[in-house]
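What follows is one structure encoded as structure tokens, with my remarks underneath.
Only the coordinates and a few stated rules stand behind these numbers; no lab work does. Since this is a predicted model, take the numbers as computed values, not measurements. Here the Cβ is made from the backbone with ideal geometry for all residues, glycine too, and neighbour counts use every protein chain on show.
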Amino acid sequence: MDEYNKAVQICTPNKARKRSINKSNWKSAKLKIQRVFGNIEKAIRKQEIISTPQQYIEHIEQYATVMKMDVDVPVLDWKKESQNVLKPPGAWHFKFNPSKRFKIILDKNRITKVQGELHYRSELGNPRSVTEKNKEISSMDPQPLPTNVPVKEAKVIAVAKLLEGHYGENWRLDEGLDFFTNIELRQPEEADTNIEDVPDFQCETVEELDALSV
């Protein structure tokens with residue numbers, strides 16, 4: 001994680017000059033991260049029941065630093081801002097998905113350019129801007145996202161039905177489940193909390209995509 005954070009800081013528009021990001025360079029960092037995740041997963045699997053987020057946090061804190069969103073890390077709308085400034089990857093001047101190496105370059109005019117290479121040791125691509133016309137990465141200014149947004153009513157009802165199936169009709173009286181009770185209490189008053197018409201909780205398979213590390 002530290003290696004990744006350093007790279008991100010170095011490659012900010014105001015600091016970058018020419019930085020090559022090679023997927024193979026992250027192998028040692030990935031091994032360290034995998035050990036952290038492996039230890040956390042091992043500890044969590046030993047717990048028969050985990051009913052609160054705090055239980056997860058306690059396990060994670062043994063092997064890593066926990067940073068809470070909107071407390072330690074600002075929640076900014078990077079998705080919306082990037083859509084306003086960057087071209088969609090399909091419109092870039094090189095094929096994004098097959099590329100194994102990326103160069104982020106800040107030229108003498110302080111224009112950020114990206115070069116993609118299909119092979120680790122090739123040098124065939126041309127660095128070009130990936131921003132929309134008359135837009136610059138340095139001008140990106142994402143706005144904070146609203147916090148404490150109510151959970152969708154359908155999700156609250158589905159979770160309530162799931163908890164009722166595990167803990168019985170009086171699950172709201174269990175102090176260990178206060179996290180879920182408080183979410184219900186924060187729902188708008190006009191929300192319909194009738195759970196009779198909600199279908200059984202179902203799990204659907206999701207196609208796994210290959211992760212791209214940059």
Distance in Å, no decimals, from the C-alpha centre of region 72-101 to the one of region 34-64 is 31 Å
Exposure proxy check on W78, W92: fewest-to-most Cβ neighbours within 10 Å is W78, W92
In nanometres, the difference between 0.36 nm per residue of separation and the alpha-carbon distance of D178 and W92 is 26.1 nm
Under the 7 Å Cα-to-Cβ spin-label approximation, E123 and V159 lie apart by a distance in nanometres of 5.3 nm
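Based on other C-beta atoms within 10 Å, arrange M140, M67 from fewest to most.
M67, M140
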Expected sort for L124, L76 with the fewest Cβ neighbours (10 Å cutoff) up front is L124, L76
